[in-house]
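The values are calculated or read from the model by the stated rules, or taken from the named source; none is laboratory data. Just so you know, these numbers come straight off a predicted model, no measurement behind them. With ideal geometry, Cβ positions are generated from the backbone for all residues, glycine too; neighbour counts draw on all protein chains shown.
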Amino acid sequence: MTQRRQFITAMAIGISIPLLARGNTPDYPSRPLKIIVGFPPGGSSDNTVRLLGAALQKQIGQPVIVENRPGASGAIAAQAVAAERPDGYTLLYATSSSHAIAPHFNPKLGYDPLNDFTPITLIGRAGLVLTANNSLPVKDITDLIRYAKQQPPDTITYASPGQTSSQHLAIALLSRAAGIELRHIPYKGSAPGLMDLVGGQVNLMIDNLTAPLPFIRDGKIRPLAVTSIKRAEMLPDVPTLDESGIAGFDVQAWGGIMAPANLPAPLTAKLNREINIALTDPAVRKSMHDAGNVPQGGSSTDFANFVAGESAFWKRSIGQSDINRG
């Protein structure tokens, strides 16, 4: 190679590095993006992603398709995305269930939640609300504990969107802290469980505020407490579990966007930037706020650190509570 050619090559490399560092990806995206959600249509996760996808679609000029692959508390969707090419066209709506909880119950998930994905950004966090069917003769946590202790074990049932979901574990932790025994009825997502709660097929459910809020407002189900350490803005009259005598109880669900591992840095930067912009859209923020979901955002590194911290929290909580892993 001549000195001139060597100089030109060096210059080209020198120019390309800062362009990549800035996330300069002029040809991306050139076709539709797909976000896979591990829960059925109509639930809180699905609603959040569809709302975000609509805003993102306007920004990038390409369709954003939401695909539902429910089952195993989001693990089926996570497995699918982990096996995809890291080209930025297939993304995952990762949740506390799929990435902070499931690994501590099933070491043979088929994916490593910390190493098989590229975190993009945290989308939102939401306190959970414990609700009861109107036929259950309780109006608050004190009533529930008293009533449950008067019944044979496992008489009172509760729904969740899946075995080892954050909603399942939140009520399991509550049961142990309160010294009561409840029977778990897992569903394939929040929506069908909520319908059975309204219909009286199950007695209780802990879920994100998003899905049950309309039914609470219509008086079809009764809120007993929220799981966050502070009261929810959308339910200011509903006490926290901490206030209700379950000291220090603070469990929140979360969701964020991830891609398969080894996504090139420029694509990670591009997606992070566009999604953070979408989260500033007034319509997105208002809709999330109205549903009790607090928009987050932040860097890819922030999200990676957050997931690692959540995983450590659930590992500790599960070990201390000795929750039945069957």
Fill in the blank from the handout: Of Leu169, Leu122, Leu136, Leu130, the only residue that is modelled with pLDDT under 90, within 25 Å of Leu213 (Cβ to Cβ) and among the aliphatic types (A, V, I, L, M) is Leu169
Handout entry: Where Ile76 falls short, out of the listed (1) without any contact (Cβ under 8 Å) to a residue 40 or more places away in the chain; (2) among the hydrophobic types (A, V, I, L, M, F, W, C); (3) under 24 Å from Pro266 (Cα atoms)
Key = (3)
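Can you tell me which residue in the stretch 202-254 is surrounded by the fewest Cβ atoms within 10 Å (Cβ to Cβ), limited to those that are of a type in the set (Asp, Glu) and touching a helix residue (DSSP H, G or I) at 6+ places or on another chain (Cβ under 8 Å)?
Taking the stretch 202-254 first, the residues of a type in the set (Asp, Glu) are 207, 218, 233, 237, 242-243, 250.
Next cut, touching a helix residue (DSSP H, G or I) at 6+ places or on another chain (Cβ under 8 Å) only: 207, 233.
On the way: Asp207: 29, Glu233: 12.
Out of the qualifying residues, it is Glu233.
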Exercise for the section: Within the stretch 174-187, identify whether any single residue is without any contact (Cβ under 8 Å) to a residue 24 or more places away in the chain, on the phi < 0 side of the Ramachandran plot and assigned to a helix (DSSP H, G or I), and answer yes or no. Expected result: yes
